[in-house]
1. Restricting attention to the stretch 363-406, and to residues there that are of a type in the set (Ser, Thr, Tyr), part of a helix (DSSP H, G or I) and under 21 Å from the mean Cα position of the chain (by Cα), which single residue is farthest from Pro340 (Cα to Cα)?
2. Name, by its number, the condition in (1) of a type in the set (A, V, I, L, M, F, W, C); (2) outside any loop (DSSP other than H, G, I, E, B); (3) more than 29 Å from Pro265 (Cβ to Cβ) that does not hold for Ile409.
3. Name every residue in the stretch 373-395 that is in contact with a Ser or Thr (Cβ under 7 Å, 6 or more places away or on another chain) and closer than 29 Å to Ala580 by Cβ, in order of residue number.
4. In the stretch 500-530, how many residues are farther than 19 Å from Met435 by Cα, touching a residue at least 24 places away in the same chain (Cβ under 8 Å) and open to solvent by less than 30 Å² (accessible area, probe 1.4 Å)?
5. For the stretch 569-667, list the strands (runs of 3 or more DSSP E) that sit wholly inside it and hold at least 1 residues that are over 30 Å from Phe410 (Cα atoms); which are they?
6. If only one of Asp505, Asp540 is of a type outside the set (A, V, I, L, M, F, W, C) and touching a helix residue (DSSP H, G or I) at 6+ places or on another chain (Cβ under 7 Å), which one is it?
7. Just to be sure I understand the filter: pairs with C-beta atoms under 9 Å, separated by 6 or more residues or on different chains, first member in the stretch 385-403 and closer than 23 Å to Val473 by Cβ and of a type in the set (D, E, K, R), second member open to solvent by 50 Å² or more (accessible area, probe 1.4 Å) and assigned to a loop (DSSP other than H, G, I, E, B). Which pairs pass?
8. Within the stretch 299-328, count every residue that is under 19 Å from the mean Cα position of the chain (by Cα), part of a helix (DSSP H, G or I) and surrounded by fewer than 17 Cβ atoms within 10 Å (Cβ to Cβ).
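The values are calculated or read from the model by the stated rules, or taken from the named source; none is laboratory data. Keep in mind that this is a model prediction, so the values were computed, not measured. Counting neighbours? That spans all protein chains shown, and the Cβs are built from the backbone with ideal geometry, glycine included. SASA here: full protein model, heavy atoms, side chains in, ligands and nucleic acids out. Shrake-Rupley method; radii C 1.70, N 1.55, O 1.52, S 1.80 Å.
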Amino acid sequence: MENKEMQNSRNEEYWERLELMMERLEEIRSEHAGSIEEGYQDYFVQMADLLLNLYALTQAALEGKLSAMSEKDGIRLNRRLFLDLQEPDYKDSYANPSFAAEKLGEEFGQILSVVDAKIHGIYPYCMEGDIRFLCIYAELLVELFNCFENPKELRGQELKDILYSFMHDYTEIFNEEAITRLLDPAKGHLAFDIVMEADLSEPSYLYRYGLCIGEDEKKTAVFLWKLPQEEIQSMADVFTEGYRIGFAANGKDISLKSVVEIRYPMGFERMIRAAVSNFEKIGLKPVLKPYSVTLNRQYSYDHKEDDSLWLDKAFVERSLEVDRLVWEQQKKQAPLYGGPAVIDVFGQTPFAPQQKKERLQYKEKQQKLSVHLRSEKSSLINRYIHGEERSFTIIAFPLPSIGEQFETIFEETLRINTLDYTLYRDMQQKIIEVMDSADRVHITGKNGNCTDLYVKIYPLTDSKKETAFENCVADVNIPVGEVFTTPVLKGTEGTLFVSQVYLNDLRFENLKLEFEEGRVVRYSCTNFTSEEENRRYIEDNVLFHHKTLPMGEFAIGTNTTAYRMARQYDISDKLPILIAEKTGPHFAVGDTCYTYDEDHMTYNPDGRAIVARDNEISLLRKTDVSQAYFNCHTDITIPYDELDRITVIRKDGTTEDIIADGRFVVPGTEPLNEPLEDM
């Protein structure tokens, strides 16, 4: 892991600049910013005080004083760093664009709220003893403060120009940090030290991350500490074995890899410690990426398009220029990256965002630039980290906030994550045998669900050697339970509807998508009273600023045990898509499941090649790769109780049901109905 000598060398050029800025911030704080108009003084005093506290925190980190932090000190620190972002204090925080606009005026308030949010994002670097980001944001704040000393001549454009120059000038630092933290295990030294060396018997270790710690993180850490080591090891084994099998099942050589990226919610360190040991045994060093589950989601939503202040063609070109340079510098390290191993969580109160007029949002031209930037960045990643050589795995567990039955639900989730994959493999193969005979598949809803959708299936030339559907067992995508395909777009048409669904942690009510030629042509929901607000909500969070998206996947979820768990404990609205997609048929809008890996043939357990890997859009990669991918893939699931029929329609006009009246009817799949009958 990265040592102190490397850290000190990187910090060296910033110390003098930082100390000068701290002196200036001390003046601002102690004089109560008296040289500027009273209405702006409170903001700059608060920001100066925050940065000075971060300075002291960084010094403590460099002196090794934070490793012995008590829980009492940790709680005090966490409150100091995050209280203003959490409810109810967020309503009176400058990080809240509505409050900032009210107190500072809309023109200045939006900009200064962004700066507040950006400063909140540097906490983990301070905890690592990295002074670079503290230094440059302190310089930014002082430069902005100087502008307010002559307010009569000050215009919002001047502040925008300062922020634009800042983001442009430091693009090299920001982008290099993002890329190298993906590839280099030495970068995540603090998280590694916490996971592998901290005393996990007390949750005080959590506060060393510099991330928002809440009851879910603390209660999860306490709960996992009480579990027997055999159970912790079993959880880790399922997780790491799924990753290993993902390579083996797809004919990829894991021995060519030496780095695995582990994304995990704080509180799961005991499981991650065991997983790190497992990965190291197969030659993989971890890049650890902890995340907070209790950080205010409204805050995150309010700032998701902050870059609209500086996003223009010149900035996009600069950002891509830097990325190309960094990736070229990392071209020897990049192919060693094996892919992500992810722990997802569920159980939080469902989130429906408040739409704020003060929230920064992309203009139409910026939406196109954002799509272009994501596309080009994704292409660069796949140029240096070859898609056909990497894999992934993802697994989910409940959080204590799911309710009083948390421990029972946790045990039930463990059972679901370890269901007999051979049983499901064989039943799913029987479904595939029928599905492979289809020209089209007709899906209809019931109980108020108006789904009426036809999906065109890829034609096979040799059904003995080929299949259109992948038999998905518990490897990369845990738990077990789905068969899926890439639809042919021409001939895929109709209406997809679901009364309630959570997509990317956002709630959608009465979501309706209409397809023609496999593409979304009309869409609506009923989250808001205004039709325009509903359309914008879908455009922002399902279409991701694309004018339309194709249907990239059609699947049938078979995990009726997970569905029963959701209904039994009344947690359907809290399931992550990882589990929810297994509880009924689902349809993804966006890219296919084989994006950037279409030409690497994979096979089902029965040895047949999965040939439905492309659609009419992904095939454009052969002539113009910029037109082939959308860099998004959003699964939308119809639950069994809203599902009437899934019917195969063959070319000769004959039909056969896969599901009728919400029950599986293919001979040999009867066990899938047992959890439904037991409900």
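1. Ser401
2. (3)
3. Within the stretch 373-395, Ser375 is the sole residue that qualifies.
4. 8
5. 585-590, 643-649, 655-660
6. Asp505
7. Glu388/Asp599; Glu389/Asp253
8. Total satisfying the criteria: 1.
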